[in-house]
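Notes for the one structure printed next.
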Amino acid sequence: MKRDVLSMDLPELTAAVKEMGQPAYRAGQIFSWLHKSGAADFDEMTNLPKTLRETLHDNFVIFGCAIEKKLISEYDETVKYLFRLHDSEFIESVLMKYKYGWSVCVSSQVGCRMGCRFCASTMNGVVRNLAASEILSQVYAIQRDNGIRVSHIVMMGMGEPFDNFDNAMRFLELITDENGQNLSMRHISLSTCGVVPGIYKLAEKNLQLTLSVSLHAPDNALRSSMMPVNKKWPVEELIKACRDYTAATSRRISFEYALVSGVNDTPECAQKLAALLKGMLCHVNLIPVNEVDGTGMKKSAPENVKRFESYLAGKGFAVTVRRTLGSDINAACGQLRRTRINP
Ligand code: SAH
């Protein structure tokens, strides 16, 4: 069995390199090739002796993402990638251009098992977790393909990061490593559908990233009808975990709320939401739902979005309406799938 070298941190790589009878400094060189230069093959590591490169080939594998398909939005230059993994599974990632730089939305699983009714990623369940290397290589492949450096990352693609907690954490550790991309933790957002134990485990790590929580409804009856995860961790437990998270980390939580016409966009929902989040260190991000075939969910009308936003703003909340990028290529929130026939 060849080892997944791109998922190793520097101490693990150093131990492995020593086992091969090599000096420890080789590990630093290899790590830098992999994570700073984004090398996809050992043959690119030109300052290593050829015999060592052969040993690396024999012992290690670099899990990459092969570009199967690429779609460019005509509206906003957003690029959606369909990647093929080493076992021929497929995932999608999205490159977005902002005033402040390039941002990539990465997937954390092949599919998803959370079952949110409005989301395409979960329609065929989960196949497997992604290794840290496979989350990283989405970023590295996109950087290589465009000759750019990505400055921001959102873990908001396919999958539930807290359902793949350890690999998600290793990804964060590696992408922020000063010997690699050295990305700022403050430029990373991680989104969860509300896996409460994951929120507590993340709080213990006390990271500077932004935690986003997909709330989408202010009470249990409505939330459970939209998100099965709510039956396991109901609204009151979720909000308590969020309050505990902000107390432990002093970080503001971003609540995502997808507005579905006639379902959760009423004035009554806005009032309940304001009461639920009262006094919290938070930000509310409203997303007019992206319509996904088969879900029957329709976008809220612009005037209802405005009404919802104004109500929350009037109650003193920091509230924004998310700009939708890449909707013409099914690259917007909740539109990513693990198929080759999309859109
Ligand atoms: N599993 C994580 C991250 C992936 S989804 C989570 O649930 O948070 C990223 C965001 O897109 C979540 O807030 C999710 O609820 C939202 N989303 C899913 N489907 C959507 C849709 N059709 N329209 C708008 N947002 C959607």
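Miscellaneous remarks
- Listed by first and then second residue, the pairs linking a residue in the stretch 90-101 that is in contact (Cβ under 8 Å) with a residue 40 or more places away in the chain and more than 12 Å from ILE153 (Cα to Cα) to a residue that is of a type in the set (D, E, K, R) and exposed (fewer than 13 other Cβ atoms within 10 Å of the Cβ), with Cβ atoms under 9 Å apart and 6 or more places separating them unless they lie on different chains, are PHE90/ARG340.
- The criterion of at least 1 residues that are within 14 Å of the ligand (Cβ to nearest atom) and within 19 Å of MET114 (Cα to Cα) is met, among helices (runs of 4 or more DSSP H) falling completely within the stretch 199-295, by 220-226, 229-232, 235-249.
- Test: GLU77 is at pLDDT below 95 and over 30 Å from ASN230 (Cβ atoms): yes
- Within the stretch 107-143, the residues that satisfy the criterion of being farther than 21 Å from HIS216 by Cα and β-branched (Val, Ile, Thr) are VAL110, VAL126, VAL127, ILE135, VAL139, ILE142.
- Residue within the stretch 159-175 that is buried (at least 24 other Cβ atoms within 10 Å of the Cβ), within 16 Å of the ligand (Cβ to nearest atom), part of a strand (DSSP E or B) and at pLDDT 95 or above present: no
- Of the residues making up the stretch 22-51, just one is in contact with a Lys or Arg (Cβ under 7 Å, 6 or more places away or on another chain), of a type outside the set (D, E, K, R) and in a helix (DSSP H, G or I), namely PHE42.
The values are calculated or read from the model by the stated rules, or taken from the named source; none is laboratory data. This structure is a prediction, so every number in the text was calculated from the model and none was measured. Ideal geometry is used to build each Cβ from the backbone, glycine not excepted, and the neighbour counts take in all protein chains shown.
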